[in-house]
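Below is one structure, written out as structure tokens; comments come after it.
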Amino acid sequence: MKSIILTAVAFLASVTWLSAQSDFIPKKLGAGVNSSYDEVNPVISADRSTLFFARKNHPQNALGTKKTADIWTSTRLADGSWQEATRSTSLNIGQRSYPLGISADGLSLLLYNDEGLSLATRQGSVWSAPQKVGVKASMEATLSADGKYILFSRGGTLYRIDRNAEGHWQKAQAVKGIEGKVYSPFILSDNKTVYFSREIKGKQSDLFKVERISADWSAWSAPVALNDTINTKGNEEGLKTNANGAWGYFASTADADEQADILEVKLYEDRPYVLVTGKIINAKTKRPLTKKAITILVDGKQTAVSSVNADSATFRVELPLGARYELSAKLFQYGPKTYPVDAVGREFKRIRLDLEEEPVDFALLKGKLMVKNTERTIPASAKARIMVDGEEVDYAEVDVAKGTYSIRLPHGTVYYVQVSARGFESLPDLVDLKGVDGYEEIMLDLQADAEKMAIVSGKILDLRTAKPVGAEVPVQVVVEGVSSVTASVDSLTREYELRFPVKERYVLSAEAEGYYPLYESVDVTRETTDVSILRDLVIAPLQRGQSIPLNNITFNAGKVITVHPSSYRELDRLAEFLLKNPRMKVEIGAYTAPGTRVSTLNQAKAVMNYLVEKEVPKHRLTARGYGTARPIESNKTPEGRARNRRVEFLITEK
């Protein structure tokens, strides 16, 4: 029979000193062990890894579902849950078999079956068939952890059977001196503490504890009922523990008509401390303070229950439960800093805590910020910044006007220091402070190489005249998505020039009031040196009848022609332009070259449909396919045919 742990709100209110997740509150072992059938007589191995129990009237029991009980086993998994229990193939004999106790070494299992008390032994992972013990005893029995005693109860009286030096079991002796009746006993590994069940008014049984206080087994402490998180209004019996007695396993039913389940509960805290672990790190650099002599202090004093690994700068300290502490690390050249740790409570817990220590001494690194292979300092406009180990630091002092810097670096490690400046490539310098243990000034000029640049130049042309835009038209050159690059434009010749770093892809255009820009892509992602590029920029006047080409428009092949994603950005620009000019109407025209079988009308419609998806009203758009008409280049060359395959839009109404 078993009892269930009360989980009602009223019950929890009576034990508010326990957390809802406390291990001191019994918990069912889960579906791996408990089923819709009765699970009774739990026996746990010393290390809590294996559970033996009896399952009553289960269909898989050897002799069926009527008045049967077979021994089943389950193994604890890494996450603490229990593996699906399996019926033992070697421990069951007859109609009923119950596990009763296991030795501390896990090699002997006491059980009860139709033949009475029996012992099974384990070789490797295999249990032998049970052998009769040859003594008369009830099934309410247990085996001591050292295998020297069998305790059993009969009629409420406790008996002890000793094993002599030759391994033979002696005659049972009544154990005197325990107040009241004793049922289902279990003795801890100290051979002094006994758990047992006892009938209680209004229910079948509760669990009790008693301790032997004499060497001859004749004097015992007064029996004490286990707390009300274990003993409930249901029935509890068959409590067994692991080797040190910290964890108990017992059978329980919430009500008389419920099936019995097995529960687990912490009986006492076998690790009565808070375990604090972490790293000792430099509070400024956030680096572990390795290879240093560090002492952990608790309330300002050194403690024996702490340790430090100097190679990894990690520590561990055990703080006894029931108090609050101040934790600190003591090490040379670092200021003291304390950390509060709350160990008030009654259960073991782990706390992760990194001790950040403030460095007292430092090295002062200073010097000039130089352009590589020159005598020049980095210009103030480049807004130089200091980087340490790849990250910008805010504790460096930089005088951009003079091109100088200084920075304090804590001792004890190696740094990579560099200057980062706009238009320059950083060149890191290694600064080794592992051997520095006092204040020191280190002179080090940091260098940066001027970034390799693409110099793009050309003219700004009018699409209609193919000549430079008139001087009276204000025009500017724009690099899409880059606000820091500006171009110089000659007001008379309309020639422009701009510079930007290589290793990127840029989109250029010229912008002027009353004109639509033709966007040009400049790809310098593979350039590693300075490069000059000639590229004219074209703008088209916004006049009725003006046809304007759209660059880089491609399509997905298939039964339904759609715009390829590579064309989205070009069409997004057109959609944005049309939305800003709500009175304008345009015709989308698609063209191809001889030898290409494609519906240019469907291509034009695909472009139109995309613009409609971007909320351009459909009544402002028309689509036409011109096939091979109106070539702009000769079709005799591949390059010419490629240019003739194009998409344009024609302004039909302004």
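The values are calculated or read from the model by the stated rules, or taken from the named source; none is laboratory data. Not measured: the values here are computed from a predicted model. In this analysis, Cβ positions are derived from the backbone assuming ideal geometry, glycine residues included, and neighbour counts consider all displayed protein chains. Accessible surface is based on the protein model in full, side chains and every heavy atom, while ligands, DNA and RNA are left aside. Shrake-Rupley method; radii C 1.70, N 1.55, O 1.52, S 1.80 Å.
Output the residues belonging to segment 394-433 that are outside any strand (DSSP E or B) and touching a strand residue (DSSP E or B) at 6+ places or on another chain (Cβ under 6 Å). Explain how you work it out, then say what you get.
Narrowing segment 394-433 to residues outside any strand (DSSP E or B): 394-396, 400-403, 411-413, 421-423, 427-428, 433.
Correct list: Ala396, Gly403, Ala421, Leu427, Pro428, Leu433.
So which residues in segment 417-442 are surrounded by 14 or more Cβ atoms within 10 Å (Cβ to Cβ) and of a type in the set (Phe, Trp, Tyr)?
Within segment 417-442, Phe424 is the sole residue that qualifies.
State all residues of segment 580-617 that are within 50 Å of the chain's Cα centre (by Cα), in a helix (DSSP H, G or I) and not aliphatic (A, V, I, L, M); if no residue qualifies, say none.
If the condition is that a residue be within 50 Å of the chain's Cα centre (by Cα), in a helix (DSSP H, G or I) and not aliphatic (A, V, I, L, M), then Lys580, Gln603, Lys605, Asn609, Tyr610, Glu613 are the ones that fit.
Quick check on segment 213-228. Is at least one of its residues more than 24 Å from Gly147 (Cβ to Cβ) and surrounded by 21 or more Cβ atoms within 10 Å (Cβ to Cβ)?
No, segment 213-228 has no match at all.
I'm trying to understand the selection: among the residues of segment 161-204, which are surrounded by fewer than 17 Cβ atoms within 10 Å (Cβ to Cβ), polar (S, T, N, Q) and touching a Phe, Trp or Tyr at 6+ places or on another chain (Cβ under 8 Å)?
Scanning segment 161-204 gives Gln173, Asn191.
Could you list, ordered by first residue, the pairs with Cβ atoms under 6 Å in which the first is in segment 571-592 and in contact (Cβ under 8 Å) with a residue 60 or more places away in the chain and the second is buried (at least 17 other Cβ atoms within 10 Å of the Cβ) and of a type in the set (Asp, Glu), at least 6 apart or interchain?
Here the result reads Gly589/Glu648, each pair linking segment 571-592 to a residue that is buried (at least 17 other Cβ atoms within 10 Å of the Cβ) and of a type in the set (Asp, Glu).
Give segment 443-496 a look and list any residue that's aliphatic (A, V, I, L, M), over 23 Å from Arg376 (Cβ atoms), open to solvent by 40 Å² or more (accessible area, probe 1.4 Å) and touching a residue at least 60 places away in the same chain (Cβ under 8 Å), or say none.
Leu463
Looking only at segment 414-432, filter to residues that are touching a Ser or Thr at 6+ places or on another chain (Cβ under 7 Å) and modelled with pLDDT of 90 or more; which one of those is nearest to Glu357 (Cα to Cα)?
Within segment 414-432, the subset touching a Ser or Thr at 6+ places or on another chain (Cβ under 7 Å) is 418-420, 426.
Subset that is modelled with pLDDT of 90 or more: 418-420.
Details: Gln418: 25, Val419: 27, Ser420: 29 Å.
For segment 414-432, the residue satisfying everything is Gln418.
Filter segment 540-564 down to residues that are part of a loop (DSSP other than H, G, I, E, B), closer than 27 Å to Asp462 by Cβ and either of a type in the set (Lys, Arg) or out of contact with any helix residue (DSSP H, G or I) (no Cβ under 8 Å at 6 or more places or on another chain) (or both), then give me how many there are.
As a first pass, look at segment 540-564 and keep what is part of a loop (DSSP other than H, G, I, E, B): 542-546, 551-554, 557-561, 564.
When the remaining residues are screened for being closer than 27 Å to Asp462 by Cβ, the result is 542-546, 551-553.
In the following step, the residues that additionally are either of a type in the set (Lys, Arg) or out of contact with any helix residue (DSSP H, G or I) (no Cβ under 8 Å at 6 or more places or on another chain) (or both) were identified as 542-546.
Here the count works out to 5.
Any idea how many residues of segment 314-370 are within 30 Å of Gln418 (Cα to Cα), open to solvent by less than 60 Å² (accessible area, probe 1.4 Å) and acidic (Asp, Glu)?
Residues that pass the stated criteria total 4.
List pairs: first residue in segment 601-618 and open to solvent by 50 Å² or more (accessible area, probe 1.4 Å), second residue among the β-branched types (Val, Ile, Thr) anywhere in the structure, Cβ distance under 6 angstrom, at least six positions apart or on different chains.
Going by the 6 Å Cβ cut-off, the qualifying pairs are Asn602/Ile561; Lys618/Val612.
Restrict the check to segment 286-296 and report whether at least one residue is among the polar types (S, T, N, Q), farther than 30 Å from Phe52 by Cα and surrounded by fewer than 18 Cβ atoms within 10 Å (Cβ to Cβ). Break it down stepwise before answering.
Within segment 286-296, the first condition is being among the polar types (S, T, N, Q), and the residues that meet it are 290, 295.
Filter again for farther than 30 Å from Phe52 by Cα, leaving 290, 295.
Restricting the remaining residues to those that are surrounded by fewer than 18 Cβ atoms within 10 Å (Cβ to Cβ) gives 295.
Yes: one or more hits.
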